[in-house]
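Just so it is clear, none of the values below were taken in a lab; they were calculated from the coordinates. Quantities reported herein were computed from a predicted structural model and do not represent experimental measurements. Don't worry about glycine lacking a Cβ; one is built from the backbone with ideal geometry, like all the others, and counts go over all protein chains shown.
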Amino acid sequence: MNFQEIKRLDEKYYAETFSRFPVAFVGGKGATLVDTEGKEYVDFGAGIAVNIFGVNDEEWKQAVITQLNGVQHLSNLYYCESQAKLAELLCKKTGAKRVFFGNSGAEANECAMKAARKYSYDKYGEGRYKIIALNNSFHGRTLFTLSATGQDIFHQYYMPFVAGVECVDANMKSVTDAAADGTACAVMIECVQGESGVTVLDAEFLQMLGKFCSERDILLIVDEVQTGYGRTGKMFSYEHFGISPDIVTVAKGIAGGLPLGACLFYKKTERVFSAGDHGSTFGGNPVCCAAGVNVIERLTDEFMLEVQGKAEYLRAKLRIIDGVNAVTGLGMMIGLDIDKNVKEVAAACLKKGLLVLTAHKRLRLLPPLTITKTEMDEGLTILREVLNA
Ligand SMILES: *Cc1c(COP(=O)(O)O)cnc(C)c1O
């Protein structure tokens, strides 16, 4: 199908939930994508931090195909090699004790909040249920995760939202006030708030929060759905701040482009669930887990150093572009403060062959972690042209 045919079908039959860019991709290699008309684009978005090795990565494809030659799905009623292996690799790499697999970031966060309530119920009985989340957060599109998303635009239409969730400002006074009634069981944070503008939280606040939570046995849940898997130059963003979460959630990059999410339980929460307490039909699917094994095996210390080097290169070049007022975020999770309208800039970049994302008033760049210097330079040239036009 050509682009117009695809667009016509989509506009007629797909729910009108997305305002899409006028393009459909059919192939590519690494951080270079090709559309239906054969035009090439540099990808500074990676499918929103998902395709960490870009597209058409040979080794990753081979891992997926090998699993497809076995079985594609059989249900969590049975044991599964790729799932067990990925659980082991994740725990060994992160210090977590156990893992639950779902299909998405929202499900991972849903699982984390259920686990926090269960942990508190088991230990303290009823009444200790409150999830404290932060303003300007984003945790997903299910009702529970929307309730914990501290942005007013997400709190319309679907009333009533889940009770027992409170969003507060990212400072100790607000968190302490919210916990003062003794009902809090967890605080959930993103160390770098992605969707709301690529904003890094204050290091001192995060350290004080970690201490506060551990002293009161309030679980610290870190949402690493966007920040995890090397995006910030470390496996997880919380490592930059020296804090120790009780639960970590991951998704986006975890399987390099297939739907998978994980909820990681550290020491305190290791045994929070028993048989029947939580579940999923597709979660931890054999093919997605085989892809996940390939991804995590390649996230070596050497790979992280390369990511850090690329991030430094890109950030240094971005900082000196006329029209860029500030470069925010961490590593390869980059926010750009610009004077121009970000939606218009993103549309203009697309026309010239560059994919960029937006996050509120900022441009957001989340390139594949394997992006080459040539691809970065091509992208930078287009961005410079658009910002200086
Ligand atoms: C994308 C995102 C989610 C939601 O993930 P889905 O896979 O879309 O459900 C949750 N938290 C953060 C921080 C995210 O960036």
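The long axis of helix 342-352 is offset from the longest Cα principal axis of the chain by roughly 40 degrees. Pick from C263, C185, C80: which residue has the top mean-square fluctuation in a GNM of the chain where Cα pairs under 10 Å get a spring? Sorting by GNM fluctuation, first place goes to C80. Peptides 268-274, 225-231, 153-159, 141-147, ordered by how many other C-beta atoms sit within 10 Å of their residues on average, highest first, read 225-231, 141-147, 268-274, 153-159.
Of the residues I189, Y119, F154, the one whose Cα sits farthest toward the positive end of the charge dipole of region 54-189, with +1 on the Cβ of Lys and Arg and -1 on the Cβ of Asp and Glu, is Y119.
Listed by Cβ neighbour count within 10 Å, with the fewest neighbours leading, T149, T328 appear as T328, T149.
Taking only the Cα atoms of the chain, the radius of gyration and Dmax are 20.9, 62 Å.
Give me the net charge for the shell around A96: Cβ to Cβ below 14 angstrom, other residues only, Lys and Arg +1, Asp and Glu -1. Walk me through the numbers before you get to the answer.
On the way: positive: K92, K93, K97, R98, K267, K268, R271; negative: E88, E224, E239, D246, E270.
Local charge sum for A96: +2.
Across region 228-242, coupling constants 3J(HN,Hα) worked out from phi with the 6.51/-1.76/1.60 Karplus curve, θ = phi - 60°, read x, 6, x, 4, 9, x, 10, 3, 10, 5, 5, 5, 5, 10, x Hz, and Gly and Pro carry x. Exposure proxy shown here: for F236, F303, the number of other Cβ atoms within 10 Å sets the order, fewest to most, as F303, F236.
Taking Cβ separations below 4.7 Å as the criterion for a possible disulfide partner, the isolated cysteines in the chain are C80, C91, C167, C185, C191, C213, C288, C289, C349. Derived scalar couplings between HN and Hα for region 313-328 equal 4, 4, 5, 5, 5, 5, 4, 9, 6, 4, x, 9, 7, 7, 10, 10 Hz in order, rounded to whole Hz, by the Karplus curve 6.51 cos²θ - 1.76 cosθ + 1.60 (θ = phi - 60°), x for Gly and Pro.
In region 326-379, which trypsin sites (Lys or Arg not before Pro) fall in coil by DSSP and have 14 or fewer other Cβ atoms within 10 Å?
Sparse-neighbourhood loop trypsin sites (Lys or Arg not before Pro): K340, K361.
Amide H contacts of T372: A31, each under 5 Å away and 5 or more positions distant or on a separate chain (H built 1.01 Å from N in the peptide plane; Pro and chain starts excluded). Checking the cross-link pairs K173/K361; K114/K234; K252/K317; K93/K252 against a 20 Å limit on the alpha carbon distance flags K173/K361; K114/K234; K252/K317 as lying beyond it. By the helix-only formula, in which each DSSP H run with n ≥ 4 contributes -39500 (n - 2.57) and the sum is divided by residues, the chain has a 222 nm mean residue ellipticity of -11500 deg cm²/dmol. Taken as Cα centroids, region 189-234 and region 107-158 sit 15 Å apart, rounded to the nearest whole angstrom.
Equivalent ellipsoid of region 307-389: semi-axes from √(5λ) of the C-alpha gyration tensor, largest first, are 18, 14, 12 Å.
Per-residue Karplus couplings for region 126-142, computed as 6.51 cos²θ - 1.76 cosθ + 1.60 with θ equal to phi - 60°, are listed in order as 5, x, 10, 10, 6, 9, 9, 10, 10, 5, 6, 8, 9, 10, x, 10, 6 Hz, Gly and Pro entered as x. Distances between placed amide hydrogens fall under 5 Å for L354 paired with V42, all partners being 5 or more residues away or on another chain.
Exposure proxy ranking for F3, F265, F44, based on other Cβ atoms within 10 angstrom of each Cβ and starting from the fewest, stands as F3, F265, F44. Amide H to amide H, with H built 1.01 Å from N, V168 comes under 5 Å of A133, L134, N135, counting only residues 5 or more places away or on other chains.
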